[in-house]
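Each remark here refers to the structure printed beneath this line.
The values are calculated or read from the model by the stated rules, or taken from the named source; none is laboratory data. Nothing here was measured: the structure is a model prediction, and the numbers come from that model. When we count neighbours, we look across all protein chains shown, and the Cβ atoms used for this are built from the backbone with ideal geometry, even at glycine.
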Amino acid sequence: MNDSDTPPPLPNGPDHLPGEFLLLDELFGQQPPCFAETEQHIKKSCLCRPNEQILEPAWVTVRGLSNGAQRMVQYNNEGIKVEDRDPFGNTILHLMAARGMKDHLFQALLLNPNPHILNAQNTAGQTLLHVLHRGWFYNETFLCELLRSLAQRNFDFGARDHYGRSFSHILLARDVSPGMRNFFLQICQYNSNCTKRDAFNVTPTFAEPTVGINRAYTQAMDLDPPVPASVAEEDDDAEPYHVSVVAREARLIEFISRASDNPGLEDAEGRNGLHCLAAATLSKSSVLHKHDLDEKGEPNDKPRRKDRTPKDLDSCTERYNLRLSLLEGLLERHADPNHYDIHGYTPLMAFAAQLPEDDDYKVGGRILHKLVEAGADINARNRSGETALHVAVRCGRKLAVKQLVEDGASVHARDAAGRSVLDVADIKMKSLGGQDTEQYAHLEACRAWLSGQTGKAVQNPTVMQEWGVTMS
């Protein structure tokens with residue numbers, strides 16, 4: 001799914017999510033001078049845009065806490081008003097956690113806020129734990145008390161943000177002690193989401209006793225191997241190309257069958273059954289067509305005639321329905337639609353990039369919709385900040401683009417290079433240089449639909465457009 005136009009991965013994790021906007025004044029004060037020609041400014045990874053564009057009624061601007069927010073955090077005879085949300089979906093609990101208002105937060109928790117407020121996630125999927133100020137991590141005794149208080153109120157410790165990170169990933173990034181990490185995994189009662197791989201290939205595990213090397217640090221640096229059960233793949237290097245590609249296609253089909261019985265199974269790339277179903281070729285004709293082989297599976301030296309294209313390719317309705325049926329079977333067995341492979345892609349991204357669009361134009365959309373119905377996070381990001389919509393545009397998949405937008409994908413998201421979905425289409429068309437007219441037409445169609453009255457994408461979305469709460 002990667003190509004030369006894929007944005008580079010984020011080297012230090014996500015840039016400035018909505019939780020950090022609650023600390024905009026402090027963070028902007030720490031930012032060194034930024035100039036228009038610098039790389040971070042070009043990629044929009046600095047705080048210049050939030051500084052200029054986040055204004056009241058936001059609770060925090062570059063000038064500090066708004067008067068309204070100051071009144072909200074003050075305890076009075078009626079208690080603290082916890083129901084309100086800021087323009088990014090943050091609650092007052094997010095605000096207290098992010099700004100290090102420890103006494104205020106504990107006081108608010110004593111009021112036993114409703115579960116929908118306690119477990120609220122902002123527009124980047126962050127809970128109050130995701131946005132904790134660094135100061136919380138300097139006193140682990142205090143942090144443990146907070147976690148106990150939340151556990152007593154049935155807090156959802158397995159909640160993940162748009163990069164697949166639960167609070168266990170945040171603890172790794174903050175380099176807390178192994179004991180602190182183990183305490184958290186115990187207190188969240190081994191919620192499986194707390195030990196799942198995120199977009200950056202970090203998989204939290206119980207910390208082992210350290211002897212000279214800080215294991216927590218090595219994990220935070222993404223040096224640990226993936227821990228879930230996986231299936232090793234055979235070495236294809238010793239085989240001729242035409243033999244190895246057919247064998248590889250066959251292994252994908254075999255893996256999907258095995259994953260139906262064991263939905264937690266991974267291949268050597270960390271893909272689950274859903275990823276592999278997206279990548280699998282389901283018809284013999286498509287295998288031969290895809291790898292330019294003849295009917296005997298040998299390399300085909302003759303130029304392919306356009307009028308001889310096989311009729312039973314993967315893009316035909318029959319094969320599409322087979323793929324849909326296999327998908328439904330995997331989902332019924334509880335395959336995780338938000339599972340990240342080691343490259344940082346979710347199944348929704350894999351399907352958006354690889355579903356054929358040549359013939360049947362309905363079933364592909366049903367496949368994507370079925371994944372979203374099953375709980376796939378439509379705005380989840382890979383390690384390059386791309387959503388499934390970015391990936392679909394980059395791969396020229398117009399039908400996928402339409403379905404994703406219909407299912408609620410944000411048309412205003414930016415990737416790690418600061419590119420909007422329209423930017424991605426423009427860059428891809430430019431990079432083709434007139435060499436592939438068919439792919440150019442697909443990209444042009446994606447762009448035209450996105451920028452039209454239905455898509456409503458803009459070239460240069462603001463911070464508020466990207467991260468603001470969408471009114472339905």
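Filtered by the rule that a residue be of a type outside the set (A, V, I, L, M, F, W, C), out of contact with any Ser or Thr (no Cβ under 7 Å at 6 or more places or on another chain) and more than 23 Å from Gly89 (Cβ to Cβ), the range 140-170 gives Thr141, Glu145, Arg148, Gln152. Residues of the range 147-169 that are out of contact with any Phe, Trp or Tyr (no Cβ under 7 Å at 6 or more places or on another chain), crowded, with 21+ Cβ neighbours inside 10 Å and not in a loop (DSSP other than H, G, I, E, B): Leu150, His169. Can you spot a residue in the range 38-55 that is outside the structural domain of Gln465 (by TED's automatic domain parsing) and over 28 Å from the mean Cα position of the chain (by Cα)? No - not one qualifying residue is present in the range 38-55.
Taking each residue of the range 264-275 that is among the basic types (Lys, Arg) and looking for partners that are in a loop (DSSP other than H, G, I, E, B) with beta-carbon atoms closer than 6 Å, six or more apart or interchain, yields Arg271/Asp341. Once the range 360-394 is narrowed to residues that are among the acidic types (Asp, Glu) and under 25 Å from Arg319 (Cβ atoms), the residue that is modelled with the highest pLDDT is Glu373. None of Glu357, Glu318, Glu332 is at pLDDT 95 or above and farther than 25 Å from Asp198 by Cβ except Glu332.
For Gly385, the conditions (1) touching an Asp or Glu at 6+ places or on another chain (Cβ under 6 Å); (2) surrounded by fewer than 23 Cβ atoms within 10 Å (Cβ to Cβ) are fulfilled apart from (2). Condition check for Gly396 on (1) outside any loop (DSSP other than H, G, I, E, B); (2) touching a helix residue (DSSP H, G or I) at 6+ places or on another chain (Cβ under 6 Å); (3) of a type outside the set (A, V, I, L, M, F, W, C); (4) closer than 17 Å to Asp3 by Cα: one failure, at (1).
Taking the range 23-62 as the region of interest, the helices (runs of 4 or more DSSP H) fully inside it that hold 1 or more residues being at pLDDT 95 or above are 24-30, 48-53.
Do you know which residues across the range 154-200 are of a type in the set (Phe, Trp, Tyr), modelled with pLDDT of 95 or more, more than 17 Å from the chain's Cα centre (by Cα) and under 26 Å from Ala376 (Cα atoms)?
Pass one, the range 154-200, residues of a type in the set (Phe, Trp, Tyr): 155, 157, 163, 167, 183-184, 190, 200.
Going one step further and asking which of them are modelled with pLDDT of 95 or more, we end up with 155, 157, 163, 167, 183-184, 200.
Next cut, more than 17 Å from the chain's Cα centre (by Cα) only: 155, 157, 183-184.
Listed by number, the residues that qualify are Phe155, Phe157, Phe184.
If the condition is being in contact with an Asp or Glu (Cβ under 9 Å, 6 or more places away or on another chain), closer than 13 Å to His339 by Cα and surrounded by fewer than 22 Cβ atoms within 10 Å (Cβ to Cβ), then the range 256-277 contributes Pro263, Gly264, Glu269, Gly270. The single condition among (1) free of Cβ contacts under 8 Å to residues at least 12 places away in the same chain; (2) under 29 Å from Met464 (Cα atoms); (3) over 26 Å from the mean Cα position of the chain (by Cα) that Leu110 does not meet is (2).
Residues of the range 103-135 that are surrounded by fewer than 19 Cβ atoms within 10 Å (Cβ to Cβ) and either among the basic types (Lys, Arg) or under 26 Å from Ser177 (Cα atoms) (or both): Asp103, Phe106, His133, Arg134, Gly135.
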